[in-house]
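What follows is a short report on a single structure.
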Amino acid sequence: MNKEITGKVIVVGDNIDTDQIYPGRFLAITDPKEIGSHCLCGVDEAIAPNFPSGGIVVAGRNFGCGSSREHAPIALLNMGASAVLADSFARIFFRNAVNLGLLPVICKGIREKVKDGQTVTLNLEEGSVTVKETGEVLPCEQLGDQAMKILEAGGIKPMMRKRFGKDSVE
Amino acid sequence: MHAIEKILAKNSGKDVVKTGEIVTAKVDFAEINDLYLQTVYSFYEMGGEKVWDNERCAFVFDHYAPTPDIKSAANHKEMREFAKKNGLKFHFDTNCGVCHQVMPEAGVIYPGMIVVATDSHTTTHGAFGAMGTGCGATDMATILMTGELWFRVPEIIEVRLDGEAPKGVYPKDVILAVLGKIRADGAVYKAIDFTGSYVEKLNVAGRMTICNMAVEMGAKTAYMQPNQDVIDYVMKRAVRPFEIQFTDSDYEYAESYCFDVSELEPELACPNSVENVHTLASVVAEGDVVLNQGYIGSCTGGREEDIEIAAKILKGHHIPEYTRLIIVPASREVMLSCMKKGYIQDLMDAGATITTPGCGACLGAHEGILAPGEVCITSTNRNFPGRMGSTEARMYLASPATVAASMIHGKITDPRKYL
């Protein structure tokens with residue numbers, strides 16, 4: 001896995017729940033690309049169509065609270081997001097994100113330090129986030145061993161395929 | 001150890017577990033709701049062939065019961081095919097109700113077990129002394145393949161509820177008061193054990209309402225030590241023998257909060273956050289809150305006790321013109337009993353719309369969606385922006401009694417004068 005990620009950010013608020021990330025009226029959709037096109041429309045419908053590829057979502061506390069819907073990280077990934085930096089994450093969202101290979105990284109206070117469209121570099125090894133425009137460096141928390149094991153395997157799906165001997169050809 | 005730790009230890013083949021430890025535990029029952037066709041996709045993507053145990057997992061079709069559009073109908077069709085192919089012993093189609101009501105009724109929930117469902121409100125089953133927790137579609141697919149899931153042994157918070165509830169204060173008011181204090185992220189990654197004299201005497205329905213909303217504080221799971229009401233309920237229904245776990249007397253909680261229930265009043269979670277909790281009296285003191293819709297239903301507030309109090313309050317009244325009251329019984333069993341007791345008749349006479357048991361408009365799927373600018377009072381669990389439809393609608397969370405009293409006048413009303 002790539003332990004250094006650079007991307008443009010969009011900044012959202014506290015308690016961004018899964019209904020704002022992916023509203024209930026779209027839950028029957030199963031096509032990942034289409035799911036991605038509605039991402040964060042509960043916050044602002046203009047976010048998904050203009051999201052920079054490989055971009056990073058920056059949020060306040062309790063990002064992903066509410067429903068267990070996996071549509072939330074599926075939407076973020078398919079919108080083009082590579083990571084979410086926040087003060088804290090809701091538990092089920094955190095698990096779902098790790099399982100699918102979306103990085104949920106705790107970086108306290110990041111929301112006050114960046115503006116929409118600025119560029120940050122997340123360095124997982126150093127545990128740091130650098131804001132390109134200001135040069136400011138913020139510490140971020142390490143992901144746990146269990147989460148890293150899943151992320152390094154490329155997500156839970158490749159990990160399970162390996163466990164069940166489905167990838168013996170590769 | 002705490003009872004939750006004993007459940008985790010037993011299911012992971014250990015004598016002792018410690019806070020922060022990662023364990024792989026056997027799942028006693030796994031439930032997939034109808035938003036999660038992705039579970040079937042992930043199962044096959046990971047090389048799944050047959051589920052690990054066809055008596056320990058089931059689908060509940062509750063969010064789209066019955067299906068509102070072609071997409072959800074196609075999703076149900078694929079899920080039915082998966083259920084048939086795997087010969088699942090339990091299957092709950094669109095005629096059953098909300099998963100968290102239907103599972104205990106069917107006897108697949110009992111003390112000392114681990115239940116995992118693709119639904120955040122799986123904390124509900126702490127009401128029965130079980131460890132219930134929600135997960136996403138792909139975690140669920142790993143359970144269907146292996147019968148196990150990894151868990152971090154959580155810190156456990158005690159929420160002590162002592163005293164007797166005054167007139168007009170219901171379990172929903174109690175949990176809203178707790179939420180207002182602990183906040184929407186106060187229990188993230190942690191478990192909440194509800195203790196105290198109020199809990200010891202609380203009936204099954206009230207226990208379920210309180211444990212259900214533990215997740216609104218971010219909790220991984222909730223717990224209540226089973227009382228006689230719970231034991232009577234599960235003895236009649238449980239499909240397996242069970243063992244009740246008890247917390248050791250020397251167990252030390254990570255944090256403790258105490259509430260005197262006798263001092264509480266009817267509460268409201270105001271727009272647009274579950275933690276924006278105020279007493280009803282303080283909200284109406286600032287002026288009338290005029291309503292377009294009232295809603296009684298869901299895994300939080302759609303049980304027989306909830307519909308009973310609404311029927312008693314609304315009997316002989318009629319909701320005002322240009323308002324609507326939607327009643328969604330949580331299950332077929334609830335609806336049948338409410339019909340037999342005349343509650344459904346009374347509510348329809350009062351102008352209520354009764355819909356099929358299921359999740360309905362609680363999550364904005366169908367059957368009572370809000371338009372921009374509308375205001376709704378609801379016995380459900382979330383008032384996030386857009387939860388029940390338009391992001392420009394506003395929702396107040398309240399007890400079923402408060403919803404019913406409010407619908408007499410079409411504005412938020414203290415239920416105490418109707419009791």
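Laboratory data are not the source of any read-out in this text; all were calculated from the coordinates shown. Given the structure is predicted, the values throughout are model-derived calculations rather than measurements. In this analysis, Cβ positions are derived from the backbone assuming ideal geometry, glycine residues included, and neighbour counts consider all displayed protein chains.
Overview of results
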quantity: Prolate/oblate/rounded label for the stretch B:331-419 (Cα gyration tensor, a/c 1.5); calculated: oblate
quantity: Compactness of the stretch A:1-61 - radius of gyration and Dmax, Cα, Å; calculated: 12.5, 36
quantity: Using θ = phi - 60° and Karplus 6.51 cos²θ - 1.76 cosθ + 1.60, couplings along the stretch B:49-63 (whole Hz; Gly, Pro as x); calculated: 10, 10, 5, 5, 7, 6, 9, 10, 8, 7, 9, 10, 8, 10, 6
quantity: Chain B, dipole about Cα centre (Lys/Arg Cβ +1, Asp/Glu Cβ -1), debye to the nearest 20; calculated: 820
quantity: Phi to ³J(HN,Hα) by Karplus 6.51 cos²θ - 1.76 cosθ + 1.60 over the stretch A:60-66, Hz, x for Gly, Pro; calculated: x, 7, 6, 5, x, 5, x
quantity: Cβ charges +1 (Lys, Arg) and -1 (Asp, Glu), total dipole of the protein assembly as shown, debye; calculated: 1060
quantity: Footprinting exposure proxy for B:Y233, B:Y170 (fewest neighbouring C-beta atoms within 10 Å first); calculated: B:Y233, B:Y170
quantity: Residues B:T123, B:T24 arranged by fewest to most Cβ contacts within 10 Å; calculated: B:T24, B:T123
quantity: Label-point gap, in nm, between B:E21 and A:S37 - each point 7 angstrom along Cα→Cβ; calculated: 5.0
quantity: Reach of A:K162 by Cα under 16 Å, taken over lysines that are not fewer than 8 positions away in the same chain; calculated: A:K149
quantity: Overall Cα dimensions of the stretch B:267-418 - principal axes, largest extent first, Å; calculated: 39, 33, 27
quantity: Residue order, fewest to most surrounding Cβ atoms within 10 angstrom, among B:E374, B:E81, B:E158; calculated: B:E81, B:E374, B:E158
quantity: Virtual spin-label span in nm between A:D145 and B:D288, 7 Å along Cα→Cβ; calculated: 6.4
quantity: Residues whose placed amide H lies under 5 Å from that of A:Y22, excluding near-sequence neighbours; calculated: A:L40
quantity: Part-to-part distance (alpha-carbon centres) for the stretch B:313-354 and the stretch B:151-200, which is given in Å; calculated: 30
quantity: J(HN,Hα) series, the stretch B:76-83, from Karplus relation 6.51 cos²θ - 1.76 cosθ + 1.60, nearest Hz, glycine and proline x; calculated: 4, 4, 5, 5, 4, 5, 5, 4
quantity: Distant alpha-carbon pairs in the protein assembly as shown (separation over 47 angstrom), percent; calculated: 9
quantity: Inter-chain Cβ neighbour average for residues A:14-24, partner chain, 10 Å; calculated: 6
quantity: Set of lysines with alpha-carbon distance to B:K312 below 30 Å, sequence-local pairs under 8 removed; calculated: B:K167, B:K172, B:K201, B:K236, B:K340, B:K341, B:K411, B:K417
quantity: Of B:V274, B:Y396, B:P329, farthest towards positive along the dipole that unit charges on Lys, Arg, Asp, Glu beta carbons give the stretch B:267-418; calculated: B:P329
quantity: Per-residue average of Cβ from other chains inside 10 Å of B:63-74; calculated: 2
quantity: Other-chain or far-sequence residues with amide H under 5 Å of B:T247's (modelled H); calculated: B:A3
quantity: Chain B pair-distance distribution - Cα-Cα, 10 Å bins, rounded %; calculated: 5, 23, 33, 26, 11, 2, 0
quantity: FRET efficiency estimate (nearest 0.05) - Cβ-Cβ, B:I70 to A:N123, R0 60 angstrom; calculated: 0.80
quantity: Inter-part distance where the stretch B:386-419 and the stretch A:89-161 are each reduced to a Cα centre, Å; calculated: 40
quantity: Cα-based radius of gyration of the stretch A:17-170 once divided by 2.2 N^0.38 Å, which approximates compact folds; calculated: 1.05
quantity: Set of aspartates and glutamates with alpha-carbon distance to A:K113 below 18 Å, sequence-local pairs under 8 removed; calculated: A:D14, A:D87, A:E133, A:E136, A:E141
quantity: Estimated dipole of the stretch B:267-418 in Debye, rounded to 20 [Cβ of Lys and Arg +1, of Asp and Glu -1, Cα centre]; calculated: 220
